[in-house]
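Each remark here refers to the structure printed beneath this line.
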């Protein structure tokens, strides 16, 4: 009896010690992504990138990286509490909020206040990093994206009359549409109709009837791809014959599946296209991604893949897990060889990268052109 | 605004309103008989097109068989939800049943997220439902005609069941007084089960037509249409079947016309609709066609 008690105590002691030493060898990266709710698809794509990167480069400064995921349910408030839980309860050294500006903005506020470095993979709204010492991103921002699309509409397509259909519940959509409008009007084009909707709306017949009657030749609708798919279908049903244009959220194979023929000819700006001129890093990524997931890689996964590696690189350059040192290293990033193109962080903590335009041809995204900053 | 645009928007309004009307009938019927606002109606509505989707996709059933199977399955789900979540609360205060209904609603929503995932699914529509009817420059989706025809058929059927059959008699007696009906040898549980089956079947038909009109399925797709149908039922006078139809049409029409005439405010159309609900409740609490029934003491 006494002996077995001794063995038991010993066993508990050993487990306790080993778990302590185990904990000392682990460093946690906190991830807050929309795994459920309207943006759930984006969250899944994000995780594919993080997990692939972690598999490839599992250690930093001799410690094993552990990914801690908290679902932010596609919600602004949930995103803020997810980040504070990661920082306060899990004690993470870095935070990632990769998908959705409306989640990355409140998440960034919390991380910045706590003084923990945060990196967003694909949130493009300027407010994500604006005035935040500790928040960075691995992608270009909406003013650039909006400008690229407006120029493309006016100069390459030769269209003078464009319409907007904006999701007022998404900071991303409102911001991007504004930047598009500013450039388009500066170039001499006219926004003939500026309509609004809310995420999750299913009937767009009233807005589309108005847009068609306004004589618009191009419709710019930066929004969630599920809503956009319904808009594209209903637009064609109601007799809209012009172009469909949008931002990076539309570069998603599910959009084509949902919209079918209505998506043909749709043009979107994005971060990465599989058939774009390649660099060695993206070739490697495409190969690894196809091996692991057996599907075509997407722009969001490549950015989360890059943001994980960028954070690792910054920690190595910093030489410690001190948040201030990591932050400074991130800010000093220059020509980091990312799979989605090289990344240089500018003074606003945004990545300077070219935009890639893709077009739906025969039910697939095809590379259209590259626009350099 | 040109005449053509006004007419097109009227067609849009009718098309949306007829769908709201169809969902609202089911809502109002359950309320009329049980005095229960079944908040899970929107989720029952969402399940039907999913059943249809999987029937066609996985079991390779032909369209019409799959539609019938989907309606039957949805009706069974509705009956089950009543059996599990409402029947045990038959003698509890009304507020408990209401809370239970909200619980069923959340449960079905999250169950759908787990089973069907949050990724939206496309609906492959049979050729007829892709067709458009063009009158001059006005374009009307074929689902409008389908929903008008289906609504008429179901309304007639419903009125026949409620007013001409023995089950209908039982339903009406339960709506007046459950206890007395039970004393008069009315099988209360069975009648309420039938009521839920019919109400859920109506939601299923609405859900399937909705899926054909807006060909995209996602687990939360029933939430807004469910709430709107509830508003439609209240506006028309809850418990009143023709009132629900009228309310649905009015609601769809005012939503579209709100956007058409105030394009700058188009993002606030749901706020506008809920404001209408509040106004109606303040000015005419019994709805347009509702009767002013005194609570029995």
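The values are calculated or read from the model by the stated rules, or taken from the named source; none is laboratory data. The structure presented is a predicted model; accordingly, all values stated were derived computationally and were not measured. Note that each Cβ is placed from the backbone with ideal geometry, even for glycine, and that neighbours are counted across all protein chains shown.
You will find that of A:60, A:128, the residue that is within 12 Å of the chain's Cα centre (by Cα) and not assigned by TED's automatic domain parsing to the domain that holds residue A:179 is A:128 and no other.
The rows are residues; the columns are (1) away from chain B (no Cβ under 14 Å); (2) at pLDDT below 95; (3) under 16 Å from residue A:194 (Cα atoms); (4) in contact with a helix residue (DSSP H, G or I) (Cβ under 7 Å, 6 or more places away or on another chain).
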site	(1), (2), (3), (4)
A:111	yes, no, no, yes
A:123	yes, yes, no, yes
A:131	yes, yes, no, no
A:135	yes, no, no, yes
A:139	yes, yes, no, yes
A:146	yes, yes, yes, yes
A:164	no, no, yes, yes
A:169	no, yes, yes, no
A:173	no, yes, yes, no
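Number of residues in the stretch B:126-161 that are crowded, with 16+ Cβ neighbours inside 10 Å and over 21 Å from the mean Cα position of the chain (by Cα) equals 4.
Does the stretch B:135-147 include one or more residues that are more than 14 Å from chain A (Cβ to nearest Cβ), part of a helix (DSSP H, G or I) and within 26 Å of residue B:14 (Cβ to Cβ)? Looking for residues that are more than 14 Å from chain A (Cβ to nearest Cβ), part of a helix (DSSP H, G or I) and within 26 Å of residue B:14 (Cβ to Cβ), one finds at least one in the stretch B:135-147, hence yes. Of the residues A:44, A:77, the single one that is out of contact with any strand residue (DSSP E or B) (no Cβ under 7 Å at 6 or more places or on another chain) and either closer than 23 Å to residue A:284 by Cα or within 14 Å of another protein chain (Cβ to nearest Cβ) (or both) is A:44. Just one of (1) part of a helix (DSSP H, G or I); (2) at pLDDT below 90; (3) within 16 Å of the chain's Cα centre (by Cα) fails for residue B:38. It is (1).
Annotation: residue A:19 fulfils all but one of (1) at pLDDT below 90; (2) more than 14 Å from chain B (Cβ to nearest Cβ); (3) not in a helix (DSSP H, G or I); the unmet one is (3).
Hey, does the stretch B:71-80 have a residue that's more than 16 Å from the chain's Cα centre (by Cα) and more than 23 Å from residue B:189 (Cβ to Cβ)? No - not one qualifying residue is present in the stretch B:71-80. Among the residues making up the stretch B:232-263, those that are modelled with pLDDT of 90 or more, more than 14 Å from chain A (Cβ to nearest Cβ) and surrounded by fewer than 24 Cβ atoms within 10 Å (Cβ to Cβ) are B:246, B:249, B:250. So which residues in the stretch A:194-209 are within 8 Å of chain B (Cβ to nearest Cβ), surrounded by fewer than 24 Cβ atoms within 10 Å (Cβ to Cβ) and in contact (Cβ under 8 Å) with a residue 40 or more places away in the chain, if there are any at all? Scanning the stretch A:194-209 gives a single hit, A:200.
Regarding the stretch B:52-63, can at least one residue be identified that is more than 14 Å from chain A (Cβ to nearest Cβ), out of contact with any helix residue (DSSP H, G or I) (no Cβ under 7 Å at 6 or more places or on another chain) and part of a helix (DSSP H, G or I)? Yes, the stretch B:52-63 contains a residue that is more than 14 Å from chain A (Cβ to nearest Cβ), out of contact with any helix residue (DSSP H, G or I) (no Cβ under 7 Å at 6 or more places or on another chain) and part of a helix (DSSP H, G or I). Looking only at the stretch B:134-152, residues that are out of contact with any helix residue (DSSP H, G or I) (no Cβ under 6 Å at 6 or more places or on another chain) and farther than 26 Å from residue B:24 by Cα come to 3 in all.
In the set A:168, A:212, A:191, only one residue is in contact (Cβ under 8 Å) with a residue 24 or more places away in the chain and surrounded by 22 or more Cβ atoms within 10 Å (Cβ to Cβ); that residue is A:212.
For the stretch A:218-230, filtered to residues that are within 11 Å of chain B (Cβ to nearest Cβ) and in contact with a helix residue (DSSP H, G or I) (Cβ under 7 Å, 6 or more places away or on another chain), the residue that is farthest from residue A:191 (Cα to Cα) is A:226. State whether one or more residues within the stretch B:198-205 are at negative phi and without any contact (Cβ under 8 Å) to a residue 24 or more places away in the chain. No; the residues of the stretch B:198-205 include none that is at negative phi and without any contact (Cβ under 8 Å) to a residue 24 or more places away in the chain. Of all the numbered requirements in (1) surrounded by fewer than 21 Cβ atoms within 10 Å (Cβ to Cβ); (2) more than 14 Å from every other protein chain (Cβ to nearest Cβ), residue A:103 misses one, and that requirement is (1).
Identify all residues within the stretch A:24-44 that are modelled with pLDDT under 85 and either part of a helix (DSSP H, G or I) or outside the structural domain of residue A:73 (by TED's automatic domain parsing) (or both); write none if there are none. Of everything in the stretch A:24-44, those that are modelled with pLDDT under 85 and either part of a helix (DSSP H, G or I) or outside the structural domain of residue A:73 (by TED's automatic domain parsing) (or both) turn out to be A:24, A:40, A:41.
In the stretch B:57-70, the residues that are at pLDDT 85 or above form Cβ pairs under 8 Å with partners that are part of a loop (DSSP other than H, G, I, E, B), at six or more places apart or across chains, as follows: B:66/B:59; B:69/B:61. Yes or no: the stretch B:216-231 includes at least one residue that is free of Cβ contacts under 8 Å to residues at least 24 places away in the same chain and away from chain A (no Cβ under 14 Å). No, the conditions are met nowhere in the stretch B:216-231. Against the numbered list (1) in a helix (DSSP H, G or I); (2) away from chain A (no Cβ under 11 Å), residue B:186 comes up short only at (1). Does residue B:209 fit the bill of being more than 12 Å from every other protein chain (Cβ to nearest Cβ), surrounded by fewer than 23 Cβ atoms within 10 Å (Cβ to Cβ) and touching a helix residue (DSSP H, G or I) at 6+ places or on another chain (Cβ under 7 Å)? No: the conditions fail for residue B:209.
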